[in-house]
Amino acid sequence: MQRTESPLIALAILLAALAGFVDALAFTSLGGFFASFMSGNSTRLGVGLGSGSAHDAAMAAALVMSFVAGVILSTILARARPHRHQPVVMATVTLLLLLAAVVATLLPGPCVLLLLAAAMGTENGVFHRDGEVTIGVTYMTGSLVKMGQKLAGALMGDADRFGWLRYLGLWFGFVCGVVIGAESQFRWGWNALWLAPIFAGVLTLLLVSMTRPQPTLTLMR
């Protein structure tokens, strides 16, 4: 994240907010499962296996697999378009969220959650460099660890005294998205999910604008 330009950091915070929004809708609407927080779903998987709840274990396992499938999809897209993969990946996220909103309108249920998990897995591929995800926008444990490390470095006199603010911004963006998602679900139910593809579409257009090659001027002699 240290090598990321400021406009992209701001975009990462907005993506974290989108993830928080989607996670809140999933958690409040479908039995306490998550769309982006795979540590939570892994816990649900283990508890389901340990307590003999086959339904919970199967749902949690399916969500983890959907999330991983989204990561695989975004990685393939990033390798296919190494120089301008970001808008392509984000457009895919938008399409998955749009499909989830359509399904939620017609037949709300577990299938919606699987599509949301796939979208969130795909979203992590927006910031992809040298074969690795440089900014995780859907899971906050890593961001909090990095923030703590940067704070410790600042206290010990490191030159990057304010690097921790970037990770705090990611966490804060995610929490804001959760708050908005919970409030929206309370007011509009599954209809609130339509806000997700709309917002994702706006972010896709921003990425198209930000990654568009700049025209080169040729001087005539």
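Let me confirm something: among Ala182, Ala200, which residue is buried (at least 17 other Cβ atoms within 10 Å of the Cβ) and closer than 26 Å to Val88 by Cα?
Ala200
Quick check, is Leu114 hydrophobic (A, V, I, L, M, F, W, C), under 21 Å from Val178 (Cα atoms) and open to solvent by 60 Å² or more (accessible area, probe 1.4 Å)?
no
Within segment 133-162, restricting attention to residues that are open to solvent by 60 Å² or more (accessible area, probe 1.4 Å) and among the basic types (Lys, Arg), which residue is nearest to Val64 (Cα to Cα)?
Within segment 133-162, the match that is nearest to Val64 (Cα to Cα) is Lys146.
Looking at (1) under 25 Å from Thr204 (Cα atoms); (2) at pLDDT 90 or above, can you tell me which one Ala58 breaks?
(1)
Could you pull out the residue among Leu207, Leu165, Leu144 that is modelled with pLDDT of 85 or more and touching a Pro at 6+ places or on another chain (Cβ under 9 Å)?
Result of the check over Leu207, Leu165, Leu144: Leu207.
Name the one entry in Ala100, Ala69 that is open to solvent by 40 Å² or more (accessible area, probe 1.4 Å) and in contact (Cβ under 8 Å) with a residue 12 or more places away in the chain.
When all the criteria are applied, what remains is Ala69.
Would you point out the residue of segment 21-39, among those that are under 15 Å from the mean Cα position of the chain (by Cα) and of a type outside the set (A, V, I, L, M, F, W, C), that is surrounded by the fewest Cβ atoms within 10 Å (Cβ to Cβ)?
Filtering first and then ranking leaves Ser39.
Which condition number does Ser42 fail, the rest of (1) surrounded by 20 or more Cβ atoms within 10 Å (Cβ to Cβ); (2) modelled with pLDDT of 90 or more being met?
(1) is the only condition that Ser42 fails.
Please state which one of Thr122, Thr105 is hydroxyl-bearing (Ser, Thr, Tyr) and open to solvent by 10 Å² or more (accessible area, probe 1.4 Å).
From the options Thr122, Thr105, the qualifying one is Thr105.
Taking segment 174-195 as the region of interest, how many residues are under 16 Å from the mean Cα position of the chain (by Cα) and of a type in the set (Asp, Glu)?
Matching residues across segment 174-195 total 0.
Among the residues of segment 133-162, write down those that are over 23 Å from Thr122 (Cβ atoms), free of Cβ contacts under 8 Å to residues at least 40 places away in the same chain and part of a loop (DSSP other than H, G, I, E, B).
Of everything in segment 133-162, those that are over 23 Å from Thr122 (Cβ atoms), free of Cβ contacts under 8 Å to residues at least 40 places away in the same chain and part of a loop (DSSP other than H, G, I, E, B) turn out to be Met156, Gly157, Asp158, Ala159, Arg161, Phe162.
Does segment 45-60 contain any residue that is open to solvent by less than 30 Å² (accessible area, probe 1.4 Å), of a type outside the set (Ser, Thr, Tyr) and touching a residue at least 40 places away in the same chain (Cβ under 8 Å)?
Looking for residues that are open to solvent by less than 30 Å² (accessible area, probe 1.4 Å), of a type outside the set (Ser, Thr, Tyr) and touching a residue at least 40 places away in the same chain (Cβ under 8 Å), one finds at least one in segment 45-60, hence yes.
The values are calculated or read from the model by the stated rules, or taken from the named source; none is laboratory data. Just so you know, these numbers come straight off a predicted model, no measurement behind them. Positions of Cβ are backbone-derived with ideal geometry, glycine not excepted, and every protein chain shown enters the neighbour counts. Heavy atoms of the whole protein, side chains included, go into the accessibility calculation; ligands, DNA and RNA do not. Shrake-Rupley method; radii C 1.70, N 1.55, O 1.52, S 1.80 Å.
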